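Some notes on the structure that comes next.
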Amino acid sequence: MQPEKLIIFDTTLRDGEQCPGASLNIKEKLEIARQLVLLKVDVIEAGFPVASPGDFEAVKQIAQEIRGSKIAGLSRALEKDITATARALEKAESPRIHVFLSTSKIHREHMAQKAKEEIVVMGVNAIRFARKYCDDVEFSPMDATRTEKDFLAEVTKEVIAAGATTVNIPDTVGYTVPEEFAELIQYLKTNVANIDQAVISVHCHDDLGLAVSNSLAAVQAGARQVECTINGIGERAGNAAMEEVVMAVKTRKDFFHRVYTGIETKHIQTCSKLVSSLTGFFVQRNKAIVGKNAFAHESGIHQHGFLKRKDTFEIMNPKDIGGEESELVMGKHSGRSALMHKVQGLGYSLKQNELDELFAAFKTLADEKKEIFEDDLHTLIQKQKFSEEQLNIYKLSSLQCNFETGKVPQATVILVDRDESKHSSSANGDGPVDAIYNAIDKITGLHCKLLDYQVMSKTTGQDAQGEVTVRVQHGKKELLGKGTGVNTIEASGIAYLNAINKFLVKSESEPDKDGELLGP
């Protein structure tokens, strides 16, 4: 039996944006929509056009520009809403009008204030009206999972007869559980005579942490569209996370063999970061698929197995979602195998007794620090090989920097080496810090790439000390440098020189892969 296409309906720009504090402007919505197209999302719900002039304009611009995905707009079962949505979608390559209406007893009595018969008539009339503008019309009976089954079946049958091409069964308040939701989908497939004339969709909220589980249970029961959001953002506790649904189907093909998605998963990580950045909603470290720790291993037992064979403790390849290599996090739970692997990766070759000494020092440090970074390992190894005095090949003697608006920044740096000889150089740059680093490179002979630059205030007040942290790369090796001072520009120079000294000290003890030293 050939697997069927599972339609991925992304509502990040509509339901996701409704999340308190996650409001997006038109430019930001367009940027996310472009990324969703790269992902090959089947349907992009661009917004709720009647909600505000800004939402109308956003849906309109997305409909005009975006090609390759269906563009949907949300409407209540009211003619004015449907008309606004139709107008916003006029230029869409493939438009969809999405109509919703409350159906549960609690919603009928306290929101719609309508009887069952009136709800059916409203739903049917709304679908017929929407079909005048668009052939692709979706209907959602809001709070479906708390709606009486027989009434939900009646509404579904009538809206399909009126022309609905997709019927979405939303778990609006995140109330259902997987087995119950699967039974509901099966009930509709059995008791709605014309159910095969429409696609069954599901839209699950995460109030009980079951949105993805409920969605996947519904898929197994016959649903062929899942409505979801990037990073699971949305009302209250959020929606089913698109990346989790997609990767579950892809990773467990043996179980979800009846369906497949057309998602280009290599764009997942990029899209996740974009949505996080634009909404200001940071992704938790232990978030499935896209969290910082999703492909990180610290336990010694896990690290040992992972180094033997990756799939002993990893069921996905991070590159499949556009991520980097898996990470061995060095901490107090790490074992000797992981430490040896990390040390070799940094380019060091240690004898057994040196490795034993390093492991003891590493464990001591790990009790003090939650996570051990590569820079910490460099420092521990260098302390074994060199005295503290030897660690600084160069010291900053003086620094002069000229900066004036409209002119190219220039810096002059004087460094003192171990022999107390002074070395001076001047250089230009894109900014004062760049000019300083270029001048230092001229003296040391190392031309490093700046990967990261961060400034953090260590104290309070106008005379606060700032700590500058830089991560630099030379060849394939990366190191961290730190500098502290009231003068942030000077601290920036000290931080960069701190990293450079580590490269130079390392070059004295270990040649690079080509057998050449890293420094002069």
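So is Ile62 assigned by TED's automatic domain parsing to the domain that holds Met142 and either at pLDDT below 95 or surrounded by fewer than 16 Cβ atoms within 10 Å (Cβ to Cβ) (or both) or not?
On the way: assigned by TED's automatic domain parsing to the domain that holds Met142: yes; either at pLDDT below 95 or surrounded by fewer than 16 Cβ atoms within 10 Å (Cβ to Cβ) (or both): no.
Spelling it out, it is not the case that Ile62 is assigned by TED's automatic domain parsing to the domain that holds Met142 and either at pLDDT below 95 or surrounded by fewer than 16 Cβ atoms within 10 Å (Cβ to Cβ) (or both).
Glu227 is checked against (1) without any contact (Cβ under 8 Å) to a residue 12 or more places away in the chain; (2) of a type in the set (D, E, K, R); (3) buried (at least 16 other Cβ atoms within 10 Å of the Cβ) and fails just one. What number does that condition carry?
(1)
Quick one: count up the residues across region 160-197 that are over 28 Å from Cys19 (Cβ atoms) and surrounded by 21 or more Cβ atoms within 10 Å (Cβ to Cβ).
Just the residues of region 160-197 that are over 28 Å from Cys19 (Cβ atoms), to begin with: 160-163, 165, 179, 183, 186-197.
Filter once more, keeping what is surrounded by 21 or more Cβ atoms within 10 Å (Cβ to Cβ): 160, 188, 192.
Number satisfying all stated conditions: 3.
Return a yes/no flag: does region 162-169 have any residue that is in contact with a Phe, Trp or Tyr (Cβ under 6 Å, 6 or more places away or on another chain) and not in a strand (DSSP E or B). First the steps, then the outcome.
Step one: filter region 162-169 for residues in contact with a Phe, Trp or Tyr (Cβ under 6 Å, 6 or more places away or on another chain), giving 164, 167.
Applying the additional criterion that residues be not in a strand (DSSP E or B) yields 164.
Checked against the condition, which is being in contact with a Phe, Trp or Tyr (Cβ under 6 Å, 6 or more places away or on another chain) and not in a strand (DSSP E or B), region 162-169 yields at least one hit.
Check off (1) part of a strand (DSSP E or B); (2) surrounded by fewer than 17 Cβ atoms within 10 Å (Cβ to Cβ); (3) aliphatic (A, V, I, L, M) for Ile200 and give me the number that stays unchecked.
That leaves (2) as the condition not met.
I'd like to check which strands (runs of 3 or more DSSP E) are fully inside region 400-492 and have at least 2 residues that are of a type in the set (Val, Ile, Thr) and at pLDDT below 90. Steps first, answer last, please.
Working: elements: 410-417, 422-428, 449-457, 466-474, 477-485.
The qualifying strands (runs of 3 or more DSSP E) are 466-474.
Given Gly68, Gly47, which one is in contact with a Leu (Cβ under 8 Å, 6 or more places away or on another chain), assigned by TED's automatic domain parsing to the domain that holds Ile169 and on the phi > 0 side of the Ramachandran plot? Write out each step before concluding.
Values: Gly68 fails: in contact with a Leu (Cβ under 8 Å, 6 or more places away or on another chain).
Selected residue: Gly47, the only one of Gly68, Gly47 that is in contact with a Leu (Cβ under 8 Å, 6 or more places away or on another chain), assigned by TED's automatic domain parsing to the domain that holds Ile169 and on the phi > 0 side of the Ramachandran plot.
The values are calculated or read from the model by the stated rules, or taken from the named source; none is laboratory data. As the structure is a computational prediction, the values presented were derived from the model and not from experiment. Positions of Cβ are backbone-derived with ideal geometry, glycine not excepted, and every protein chain shown enters the neighbour counts.
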